[in-house]
Amino acid sequence: MTFPATSRYYSTATAEFEAPDGSIIRHLRRRFLPALDRFTLLQEYQVTEGDRLDNVTARFLGDPEQFWRICDANPIMRPQELESIGTSIRITLPEGIPGTPNA
């Protein structure tokens, strides 16, 4: 299994399982959310009426498919949890990239 460098699964290890019939099933190992201290905060954004996470991601990260980066930095498993009016969303640098906090 290969994933593009922009995928949340890019660095996720794979494993194999041998089924009772002898066939091999390849799968991704479990991916855990990274620790919050692995992110440098750039700013916080307050969700307003009509905001969707893909649009917020496109505005701040330039790519709506990178919504998972915002989920990781907040830490949220379900993107819909970040779409409630008034929710404060942490906009960060990619995981592990150092920078100036609140730049």
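The values are calculated or read from the model by the stated rules, or taken from the named source; none is laboratory data. Since we're looking at a predicted model, the values are computed, not measured. Here the Cβ positions follow ideal geometry from the backbone for every residue, glycine too, while neighbour counts run over all protein chains shown. Only protein heavy atoms, including side chains, enter the accessible area calculation; ligands, DNA and RNA are left aside. Shrake-Rupley method; radii C 1.70, N 1.55, O 1.52, S 1.80 Å.
Here are a few things to note about the model shown:
- Scanning region 10-51 for residues that are in contact (Cβ under 8 Å) with a residue 24 or more places away in the chain, under 15 Å from the mean Cα position of the chain (by Cα) and open to solvent by 50 Å² or more (accessible area, probe 1.4 Å) returns Leu33, Leu36, Arg38.
- Note on region 64-93: residues that are touching a residue at least 40 places away in the same chain (Cβ under 8 Å) and either of a type outside the set (D, E, K, R) or open to solvent by less than 50 Å² (accessible area, probe 1.4 Å) (or both) total 12.
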